[in-house]
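A short write-up of the structure that comes next.
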Amino acid sequence: MSNSYDANRWKRFDEWDARPLRHDQFAVEDPENGFSAFNGAADPGPGLKIENGKVSMMDGVAAQDFDMIDAFIAAHHLDMDVAEEAMAIPAEQLARMLVDMNVPRAELVRLARGLTPARLAEAVAQLNAMEIAFAYSKMRARRTPGNQAHVTNAKDDPLQLAADAAVAVALGFDEIETTMRVARNSWSNALACCVGSVVGRAGTLFQCSSEEAEELEIGMAGFTSYAETVSVYGTESAFIDGDDTPWSKAWLAAAYASRGIKMRCTSGAASELLMGYHEAKSLLYLEARCLCIQRGMGSQGTQNGGIDGAPLASSIPGGVREIWAENLLAVWLDLECASGNDARHSESEMRVAAKVLPFLIGGSDLICSGFGSILKYDNSFNPSSFNGEELEEFLVLQRDFEADGGLTSIEDASALDLRRRAIDALSHVLKDLDLAAPTEIMKRSVAVASGSNDTQSFAPRDVAVISDKISRQRITVLDVIRSLHRGGFVPEAQNLLFLVKLRVSGDYLQTSAIVRDGHVISAINDPNDYTGPGTGYRLTEARRKELAAIRNVLDRDEVLRREAASEPAEARAIEYSTMGPAERGTDPHEVVVGISPGFGTRIFRTLSGLPLSKVLKALRDGIEKGGGRMRLMRIRHTADTSFLGLSAARLSGSGIGIGIQSKGTAVIHQKDRLPHNNLELFSNAPVTNLDHYRALGENAAQYARGDLPAPVVVPTQGEALGARFHARVALTYAIETKMTENNASPETVDINFLGET
């Protein structure tokens, strides 16, 4: 890049080009070709005519011209008892009702049963992003938020699946979903996650995402407890492309329910656009059709919010607002909503965090319909918005906002114990049912592995053999329960049996059902009752403490414990001798260094880790290099940097002093200046090194001579120094201020650098 005045590019663009955001590709809004979030070129206007109790026209289409989606919606979604009343309400009024806390959720749900897709889309399109987020918080079905994990790996290794499933359960995920790199490995993946998901506690629901017919067979064998891959589309052509109809999807949903398996559908923005069957209609209108189909099917809920189409939807202007809007449509229609936030829609961490935030702070039935609890490269669904790498950041977001994202921290030791237990349990089942014989090397490598790159375990071909055996031998969940019991894994056998019993009772077939503490909670017994401040879901004190309990949390005792570890080394490097009250100096070349109360007594390192003995030595060397002489005194009435420096300057024969806190913040001061109007301030202690302190001392000596030296600059690289150090800074300062004494006089301190000749 040229530095000449005639250069053809501002260098800032080079910086922007290096940002992750530059990997994102954006699309021009083009309604004729389906690239429109809210206003498709062929979006119909809302309308409804009912004659003789039947729909004769809907959204501008006469009944005789209905495609199969219109026909299904007219027959199974629209409630004739409320349709005329609901459709008579203008979209603007419906929108205001959604954000009016005085309008009950139940009333809006009742009206939604009579609204056509075009009117539903028209109403939510009136809302801006903030209003959509608020309305979603009000309208979601279950009061208590939850979350769902992806548990997969690049090798389809069953030992790693079991171990990772156990960890996901401990982290608090209510549901676990797996899929395969190799389709024929589905039975092995199902068995492995099934076993892993019952280690530690009972009640985590599990799904194996596979081809629809095989997925149903796996469910009927008892390995899975929910399904959410019954895909629904907003155009007839997209349905036909998959050899499906709304009726065939309804039949499949009923098949799951008949076997006691919780079932959600999947839809989301841009799927029709990806398939080339968009009909020049907007993302929101097509999704409104999908959701009306799902309500008509009797589905418990939906997984929507872009899903696999989220990256494409997000490339269109207003795309993320549309994704939020379609989530709102889902809960308005009283469907459980697994609100997307799975497929990573951007390379920008800022865009990812912004997209999930409304659901985290406002709550959702399942905030992520696929949080990658495993590493990105092991996520066989493709990277999620959040993956194993970012899991602790999600935990911190929960703590920041005191918002329940459904997750809880886990300790190192307990994670390893759970992984070993899951590996041992599955290894026993594999041997006992004559499926495979894991070795000790396999087990050890998986237990500590963060991802499949670290394991020496089953390869995909080995897994295919296991999977074929499970299918061919018609092994069911009852065989697994008996095997676990025979192997002494009694708690795991009981936990798995508990899930099977739930399927028989059907209690968790209610809308928005999850299992907590052995009990089903759903929209029936835990309805979202938000009606304004103080209502709806609120953290209990116990849950608040769980959210606060993350790693790397400091307190006063921890600061002192860490400092105490440095005390012996400092005792070998320097001796401090208190010589009594400090007197005003007369030497015109002296520079008085005023240290804080805890300097060298309770605190022994600066924020950058420098031993305080070396800092004092650097200051002394610098002062002497500048032709001055250092005199040290401990300031006892304050720990404030400015007043340390000013107090030192007022006792200095030259009128120049240096104030320095134990954490390393320093200032050069002059006796006649105002407290905060110093000569030089060294506030970035975390990046201040010995050369800087040496230069600080030399400058102070030059000020004492009456010179005007060039100020010392401590450069930074834009580090978030506050985030890295402010907790320790505040705690250290609190320790020092507690040591201060009102009106206490400064004391002269002699120092002896031990080992110095």
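The values are calculated or read from the model by the stated rules, or taken from the named source; none is laboratory data. Predicted model only: the values in this text are computed from it and were never measured. Glycine also receives a Cβ, built like all others from the backbone with ideal geometry; neighbour counts cover every protein chain displayed. Just so you know, the surface numbers come from the protein's heavy atoms only, side chains and all, with ligands and any DNA or RNA stripped out. Shrake-Rupley method; radii C 1.70, N 1.55, O 1.52, S 1.80 Å.
The heavy atoms of residue 100 offer some 60 square angstrom of accessible surface to a 1.4 angstrom probe.
With an 8 Å cut-off on Cα pairs and a minimum separation of 6 or more residues, tell me the relative contact order of the chain in percent. Display every interim value, and only then the final one.
On the way: 1626 pairs, mean separation 100.6, N = 757.
With pairs under 8 Å counted, the relative contact order is 13 percent.
Listed peptides 561-568, 459-466, 444-451 appear in the order 444-451, 459-466, 561-568 once ranked by packing, highest mean of other Cβ atoms within 10 Å at the front. The alpha-carbon atoms of segment 423-516 define a convex hull whose volume equals 148 cubic angstrom per residue. Under 5 Å between amide hydrogens, built in the peptide plane, is the criterion, and for residue 371 it picks out 148, 149, 150 among residues at least 5 positions away or on other chains.
Only one residue of 433, 167, 752 has its Cα farthest out toward the positive end of the dipole of the chain, where Lys and Arg carry +1 and Asp and Glu -1 on Cβ, and that residue is 752. For the chain, the carbon plus sulfur part of the accessible surface works out to 50%, probe radius 1.4 Å. Across segment 386-494, the mean sequence separation of Cα contacts (distance under 8 Å, 6 or more residues apart), normalised by length, yields a relative contact order of 20 percent.
Summing Cβ point charges (Lys, Arg +1; Asp, Glu -1) relative to the Cα centre of segment 189-312 gives a dipole of roughly 640 debye.
Accessible area per residue for segment 50-124 is 44 Å², calculated with a 1.4 Å probe on protein heavy atoms, without ligands, DNA or RNA.
Taken one residue at a time, the phi angles of segment 327-335 give Karplus couplings (6.51, -1.76, 1.60, θ = phi - 60°) of 4, 5, 4, 4, 6, 5, 7, 6, 9 Hz. Gly and Pro are set to x.
Projected over every direction and averaged, the convex hull enclosing the alpha-carbon atoms of segment 188-315 yields 8.4 nm².
Pairs of alpha-carbon atoms within less than 8 angstrom and 6+ residues apart define the contacts here; what relative contact order does segment 462-577 have, in percent? Don't skip to the answer; put the middle values down first.
Working: 42 pairs, mean separation 9.7, N = 116.
Here the relative contact order equals 8 percent.
Length gained on full extension, residue 740 to residue 676, computed as 0.36 nm times the residue gap minus the Cα-Cα distance: 21.1 nm. How far is helix 490-505 tilted off the main Cα axis of the chain, in degrees rounded to 10, range 0 to 90? So the helix axis and the longest Cα principal axis differ by about 40 degrees.
Ranked from largest, the principal axis spans of the Cα set of segment 515-600 equal 83, 32, 20 Å. This model, with +1 at the C-beta of Lys and Arg and -1 at the C-beta of Asp and Glu, gives the chain a dipole about its Cα centre of some 2560 debye. Amide H contacts of residue 574: 754, each under 5 Å away and 5 or more positions distant or on a separate chain (H built 1.01 Å from N in the peptide plane; Pro and chain starts excluded). Here the sum of -39500 (n - 2.57) over DSSP H runs of 4 or more residues, divided by the residues of the chain, equals -12500 deg cm²/dmol at 222 nm, to the nearest 500.
Computed from point charges on the beta carbon alone (+1 for Lys and Arg, -1 for Asp and Glu), the dipole magnitude for segment 264-311 about its Cα centre is near 180 Debye.
Size descriptors for the chain, from the alpha-carbon set: Rg then Dmax equal 33.1, 108 Å.
Listed values for segment 664-678 are Karplus-derived 3J(HN,Hα) couplings in whole Hz (6.51 cos²θ - 1.76 cosθ + 1.60, θ = phi - 60°), namely x, 5, 9, 8, 9, 10, 10, 4, 9, 8, 5, x, 9, 10, 7, and x replaces Gly and Pro.
Amide H to amide H distances under 5 Å link residue 43 with 282, where only residues 5 or more positions off or on other chains count and H is placed in the peptide plane.
Rank by packing, highest mean first: peptides 472-479, 220-227, with packing defined as the count of other Cβ atoms within 10 Å averaged across residues.
Working: 472-479: 14.8, 220-227: 24.2.
Most protected by this proxy first, the peptides run 220-227, 472-479.
Structure shown: which of 54/355; 49/355; 545/663; 355/663; 49/281; 355/443 lie over 32 Å apart, alpha-carbon to alpha-carbon? Among 54/355; 49/355; 545/663; 355/663; 49/281; 355/443, the Cα-Cα distance tops 32 Å for 54/355; 49/355; 355/663; 355/443.
Evaluating 6.51 cos²θ - 1.76 cosθ + 1.60 at θ = phi - 60° for every residue in segment 217-228, the Karplus couplings come out as 4, 4, x, 5, 6, x, 6, 10, 10, 8, 9, 9 Hz, glycine and proline recorded as x.
Looking at segment 591-668, the accessible area is 24 square angstrom per residue; that uses a 1.4 Å probe and ignores ligands, DNA and RNA.
Quick note on segment 1-80: its Rg to Rh ratio, both from C-alpha atoms and Rh being the Kirkwood radius, is 1.44.
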